[in-house]
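Data block below; observations after.
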Amino acid sequence: MFHGPLQTSVREKRKVKVKPYTFLGIPYYVLLSSLIIIPLLLIIVYAVTIQEQGLYYKFTLIYFRQFFNEHEFVKVMADSIVLALMTTLICLFIGYPLAYFITKRKPITQAILVLLITAPMWVNMLIRTVAWKQIFDMINPRLLGTDFAIIVGMVYVFLPFMVLPIYTVLSKIDPLLYEASADLGGSNLKTFRKVTLPLSISGVLSGITMVLLPAATTMVIPRYLGQNRVLIGTLIERKFYDSGNWGYGAAIAIILSLIIMVMVLFTKKLDRNKEVERDEKA
Amino acid sequence: MKKHNNLLSGIFIFLVLLFVYAPIFSLVLFSFNANRSLTTWGGFSFEWYGELFRSREIMNAVVWTFIIAILATIISVIVGTFAAIGLSKNKKLFRNVVINLNNIPIVNPEIVTAIGLLLLFQSLKLQGGYGTMLLAHIAFCTPYVIITVYPKVKSLDPSLIEAAQDLGATPMRAIYYAVFPQIKVAIFAAAAIAFTMSFDDFVISYFTAGSTGTNISIYLYTLKRGIPPTINALSTIMILVVTIVVTLNFILTRKQYKEV
């Protein structure tokens, strides 16, 4: 008789106990839906509608068609992606050995070197780009505006994004694995190929994504080092600021996002393939 | 053989560091240049520092950069931390959906986030200015707070809060005494990330600040007649502050290492 009611009261108490915490997220859910999800939907709405006779909005794909018909714009998009890919490759060829050499040093030296490589990231990106402009002005102003200057600037600004993730995975590899490989007769090169590289591939891939994404969309670097050359970021900016053609700007942004998404998914896929390969071998 | 390799890798590291620090060195050097040129040396002077502090426009940009960064950090850390705690008590499906949505602005190009917010403010007929800029900064900082704090909250023992409440704590007190002390480090890390993201932001600010709002990046980007040496002076001061903060942080964490 006495047992029943007590139990229910305990249960009720427990319910009350958990519930209040789930409400803690409400301000964030409001923020998430109003400032993150709705803006994305708005981009899509703007890209596929056109205003006709005052207040009527009609579905249209005209902006997308227009974009692919303007060869100049398609070329800008292709240029941006090629420049970003070259930047990513150079960052990888500098960043990987750098991260690898750093892990071979004493722990305290490692900490200092990582700090030195990442410290400039805390300085405003525009200022770092301006610094390169000043250097080019000093050495040879004719270089400004070339692909070379743009790539140097992008490698400079985005290199830490490549070094950090690679360093993080490399520093976690157990040094005993290298010894084991050497004991089993593996040459330095073979150890690198069979041990180091497969174990660090996840860092490489996240480094690639972290460089490729901002490099493909930057507005700042082409402005200072490209002598106001138009890349895809600038093109979107102009659609919004100069011509006020927002639907077109939104459509270009969607095309850009899709291309980048495909590239990111492709890199992710590479990672999975590697894992499958490893599993199969094991 | 090993020594030989060490030397080669040392040279490589040195060259990369040279590449990293040469522009910064030249930036600092020419902030002390007596003439206006940024490429030829005309003697030592503090002229540009004086001019920097007299320039209302630059000072205004610097002050607003700080105001926005501080407010955005405080708000996004509070909202994000509470959300992280709340999320850990939600159902798994809901959590996964939220975390995936949360990652959208992190993996999306900044310019896409920026025009999305611009379209939103425009549709709401909100005049671009510091208000919209602050909202935008909160919007892109909070996801970083969540991805920093949430994993830490999730790793806590879920019975912790219950234990606190069984001992008579109200829900808020339970969080304050049982949860906060354990996620403090993650909250500080999140605040540091949010602050630097906001302080250095250009693209999103540029699209959401309208014609009235400004910050350091917008000021630099919209300069009409090239870059004056006052910018070198400003950069030098910022580099000095960053160096001090980073060095202090290094010394402090180094002590921690030793204690462990």
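Things worth noting here:
- Any hit, the stretch B:63-73, residues being under 30 Å from B:A136 (Cα atoms), part of a helix (DSSP H, G or I), facing chain A (nearest Cβ under 9 Å) and out of contact with any helix residue (DSSP H, G or I) (no Cβ under 7 Å at 6 or more places or on another chain): no
- Subset of the stretch B:119-128 (residues that are more than 7 Å from chain A (Cβ to nearest Cβ) and part of a helix (DSSP H, G or I)): B:F121, B:Q122
- Filter result (surrounded by fewer than 24 Cβ atoms within 10 Å (Cβ to Cβ) and either at the interface with chain B (Cβ under 7 Å from one of its Cβ atoms) or under 28 Å from A:W132 (Cα atoms) (or both)) within the stretch A:247-263: A:L256, A:S257, A:I260
- Which listed residue is without any contact (Cβ under 8 Å) to a residue 40 or more places away in the chain and on the phi < 0 side of the Ramachandran plot, from A:Y241, A:Y248: A:Y241
- The residue pairs whose first member lies in the stretch B:233-246 and is more than 7 Å from chain A (Cβ to nearest Cβ), whose second member is of a type in the set (V, I, T), and whose beta carbons are closer than 6 Å, counting only pairs six or more residues apart or on different chains, are B:T236/B:V28.
- Sole residue being touching a strand residue (DSSP E or B) at 6+ places or on another chain (Cβ under 8 Å), surrounded by 15 or more Cβ atoms within 10 Å (Cβ to Cβ) and not aliphatic (A, V, I, L, M), chosen from B:W48, B:W64: B:W48
- Selection of the stretch B:98-138 for residues being under 25 Å from A:M210 (Cβ atoms), free of Cβ contacts under 8 Å to residues at least 40 places away in the same chain and either among the β-branched types (V, I, T) or surrounded by 16 or more Cβ atoms within 10 Å (Cβ to Cβ) (or both) yields B:V98, B:L101, B:I104, B:P105, B:V107, B:N108, B:P109, B:V112, B:G116.
- Counting only residues that are under 17 Å from A:A99 (Cβ atoms) and either small (G, A, S) or within 17 Å of the chain's Cα centre (by Cα) (or both), the stretch A:169-211 holds 13 of them.
- Residue match in the stretch A:184-197 (condition: in contact (Cβ under 8 Å) with a residue 24 or more places away in the chain and either part of a helix (DSSP H, G or I) or aromatic (F, W, Y) (or both)): yes
- When B:P143, B:P158 are checked against the criterion of being exposed (fewer than 13 other Cβ atoms within 10 Å of the Cβ) and in contact (Cβ under 8 Å) with a residue 24 or more places away in the chain, B:P158 stands alone in meeting it.
- For the residues A:L212, A:L184, A:L199, the requirement of being within 17 Å of A:G95 (Cα to Cα) and surrounded by fewer than 21 Cβ atoms within 10 Å (Cβ to Cβ) singles out A:L199.
- Selection of the stretch B:22-56 for residues being assigned to a helix (DSSP H, G or I) and either of a type in the set (S, T, N, Q) or at the interface with another protein chain (Cβ under 8 Å from one of its Cβ atoms) (or both) yields B:A22, B:P23, B:I24, B:S26, B:L27, B:F30, B:S31.
The numbers here are math on the coordinates, done by the rules we state, and not lab data. The structure displayed is predicted, hence computed values, not measured ones. Cβ atoms come from the backbone with ideal geometry, glycine included; neighbour counts cover every protein chain shown.
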